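The block underneath contains the structure these notes are about, expressed in structure tokens.
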Amino acid sequence: MSPADVTPVLSVRDLSVSFGGSGEADRVVDSVGFDLAPGRVLALVGESGSGKSVTAMSVLGLLPETARVSGSVRLDGRELVGAASAELRAVRGGRIGTVFQEPMSAFDPVYPIGRQIAEAIRVHRRGLRGAALRARVRELLTSVGLPDAARIAASHPHELSGGQLQRAMIAMALSCDPVAIIADEPTTALDVTVQAGILDLLRTLRDTRGTAILLITHDMGVVADLADDVIVMRQGVIVESGAVAAVFDSPASEYTRELLAAVPSLGALGDATEVATPRSGADASPVVVLDGASVAFRRRGTAVRAVDGASFAIGRGEVVGLVGESGSGKSTIGRALVGLVPVASGHASVAGVELGAAGRRERRRVRSRIGYVFQDPASSLNPRNTIGTSIAEPLLLHTAQSAAERTARVRELLAQVRLPADFARRYPHELSGGQRQRVAIARALALEPELLIADEPTSALDVSVQASVLELLEELQRRHGFACLFISHDLAVVRRLADRVVVLHRGRVVEQGPAAAVLAAPAEAYTRRLLAAAPVADPEAQAARRELWRELEAVR
């Protein structure tokens with residue numbers, strides 16, 4: 001039976017949403033329509049502000065009271081637009097389950113996971129109590145690939161990993177046997193291997209339960225991996241729709257072509273013909289040297305090595321990508337180089353200064369030679385300070401420049417990251433995510449550092465914004481010649497940007513070498529697993545990678 005012959009569980013027609021007004025100019029969603037069929041995954045894709053999440057929240061009746069919604073949303077023939085609050089509450093978590101981007105913020109930190117899932121069941125199935133309810137919670141947790149269900153149920157959110165929390169959220173979404181699940185960026189915050197497991201779980205739900213899934217994402221690789229059909233949105237309007245294979249193979253819209261072109265490519269596994277060449281201007285003199293460096297923390301009275309005997313170097317003008325799963329020690333190495341955590345054993349030096357032997361004054365001098373760009377610029381910029389004040393802060397702390405000199409330097413830095421000079425008077429909330437990240441890069445470059453540490457600087461950005469930020473980093477690195485430690489779990493981004501790559505697993509360096517060679521034909525099984533788990537924006541190639549990932553997982 002073709003998809004056209006299947007009765008949809010959800011039908012959306014002429015859906016429009018506006019805030020603060022009722023005219024066409026105020027619409028953030030404009031005349032959107034689609035059908036969601038059982039046993040199929042429909043992806044809504046587009047950049048931030050495209051209207052994809054507003055569309056999904058309209059289906060659930062979760063928009064604020066200031067929203068004006070028109071059109072029709074029918075679930076199994078029942079109209080939801082204008083429905084009573086009690087009816088919408090019965091739909092949410094009952095007929096439609098939801099899976100959100102950040103499970104840590106979706107769960108209440110005070111209560112155990114099992115209690116929260118049980119509460120969701122009690123709301124919709126009042127007859128289930130006591131031992132039967134606890135058994136149902138354990139059954140749900142087991143069904144989403146959490147074998148130690150009793151321990152997971154008794155755990156608080158902070159005691160679980162991101163992947164375990166996301167599986168627990170999917171268990172909650174399934175608790176009342178919904179006909180449809182809305183998954184809003186369900187894997188954005190996860191490592192590639194954990195993401196692959198979550199996508200496989202969603203695929204199993206689609207195939208074995210016939211669950212309809214509405215997937216909201218900006219990751220075209222995830223779309224190629226999981227979705228059957230895709231809708232591309234831009235500024236609240238659908239610009240293209242169709243079967244995933246057809247849209248990816250021959251996109252009709254220029255905007256869709258731009259989105260696909262902006263996705264960094266990993267290339268084919270096993271193809272080592274491309275050999276990385278040093279960047280012009282790079283030289284062998286090291287800015288960073290790690291030699292058997294270890295970093296340890298105490299956890300519940302026991303010493304745990306977050307980094308265990310790591311050794312690698314970064315030369316002037318060189319970009320080294322540091323990759324691995326969460327908990328592998330990537331960010332810990334970055335913090336150790338800037339002096340935020342001590343090196344317990346081995347050696348670590350920056351700009352010729354041995355960090356373990358340096359005094360306070362020397363460590364302060366070393367910090368002034370390091371720029372740091374964090375994953376989330378919104379949390380790394382003080383919301384009370386203007387952009388100009390934030391960029392000038394390193395100059396105020398580490399130089400004797402006058403106010404006029406600092407103002408001139410801020411203007412120069414804004415120009416370097418392609419932002420207007422008048423942005424200096426703005427505040428962080430007035431900027432987009434990409435603009436805030438440009439500000440963070442400008443601040444990191446304020447003191448003309450010898451080393452730039454970029455810790456997941458593009459993971460929270462849309463694909464086209466990510467492309468522009470990467471292009472900017474490449475341009476600035478060529479211009480200034482700083483050494484760069486680029487920390488990321490996005491292997492395609494690392495392949496594009498890095499000269500060399502260092503692969504970390506449980507605190508140990510398991511492989512390193514030229515980025516193009518290692519990421520095309522890795523020598524280590526762990527690196528092969530990472531690469532096979534990374535989705536690519538090509539449905540046919542992605543199907544082959546998915547099978548390879550399953551084979552590698554089976555022999556772990």
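The values are calculated or read from the model by the stated rules, or taken from the named source; none is laboratory data. Being a predicted model, the structure only gives us computed values, none of them experimental. Backbone-built Cβ (ideal geometry, glycine too); neighbour counts: all protein chains shown. The accessibility values were calculated without ligands, DNA or RNA, using every heavy atom of the protein model including side chains. Shrake-Rupley method; radii C 1.70, N 1.55, O 1.52, S 1.80 Å.
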- Query: What ranking, highest mean first, results for peptides 378-388, 32-42 when packing means the other Cβ atoms within 10 Å averaged over each residue?
  - Reply: 32-42, 378-388
- How many angstrom separate the Cα center of region 462-486 from the Cα center of region 115-194? 39
- Point-charge dipole on Cβ atoms (K/R +1, D/E -1) for the chain, about Cα centre, debye to 20: 2200
- Task: Over all directions, average the projected area of the Cα convex hull of region 380-448 and note it in nm².
- Result: 4.1
- Item | Local net charge near residue 429, Cβ-Cβ under 14 Å (Lys/Arg +1, Asp/Glu -1) | +2
- So the FRET efficiency between residue 385 and residue 254, C-beta based with R0 = 35 Å and rounded to 0.05, is 0.35
- Message: Can you compute the modelled spin-label distance between residue 60 and residue 285, with each label point 7 Å from Cα toward Cβ, in nm?
- Response: 5.6
- Query: Over all pairs of distinct alpha carbons, what does the Kirkwood formula give as the hydrodynamic radius of region 333-423, in Å?
  - Reply: 15.2
- Item | Cβ-derived FRET efficiency at R0 45 Å, residue 427 paired with residue 550, nearest 0.05 | 0.40
- Item | Rounded, prolate or oblate (a/c below 1.5 giving rounded, otherwise prolate when a/b exceeds b/c) for region 178-219 by Cα gyration tensor | oblate
- In the chain, what percent of the accessible surface is made up of carbon and sulfur (1.4 Å probe, ligands and nucleic acids excluded)? 50
- Scan around residue 51 for amide H atoms under 5 Å from its own, H built in the peptide plane at 1.01 Å from N, and keep only partners 5 or more places away or cross-chain. 236
- Query: Between residue 347 and residue 506, what is the FRET efficiency for a Förster distance of 25 Å, r being their Cβ-Cβ separation, to the nearest 0.05?
  - Reply: 0.75
- Over the chain, what is the mean sequence separation of C-alpha contacts under 8 Å (at least six apart), divided by residue count, expressed as relative contact order in percent? 16
- Note on the structure: Rounded to whole Å², per residue accessible area for region 401-449 with a 1.4 Å probe reads 47
- Task: Among (1) -0.29; (2) -0.50; (3) -0.33, find the value of log10 I(q)/I(0) by the Debye sum over Cα atoms at q = 0.06 Å⁻¹ that was calculated from the structure presented, and write down its label.
- Result: (3)
- Check residue 182: other-chain or 5+ apart residues with amide H under 5 Å from its amide H, H built from backbone geometry? 97, 98, 99, 214
- Query: Under a point-charge model restricted to the Cβ atoms of Lys and Arg (+1) and Asp and Glu (-1), what is the dipole moment magnitude of region 380-448 relative to its Cα centre, in debye to the nearest 20?
  - Reply: 160
- Message: Given a 1.4 Å probe and heavy atoms of the protein chains only, how would you sort 455, 228, 14, largest accessible area at the top?
- Response: 14, 228, 455
- Message: I'd like the distance between the alpha-carbon centres of region 353-430 and region 69-103, rounded to an integer number of Å.
- Response: 46
- Note on the structure: Residue by residue through region 432-437, the couplings from Karplus 6.51 cos²θ - 1.76 cosθ + 1.60 with θ = phi - 60°, in Hz, x for Gly and Pro, are 6, x, x, 5, 4, 5
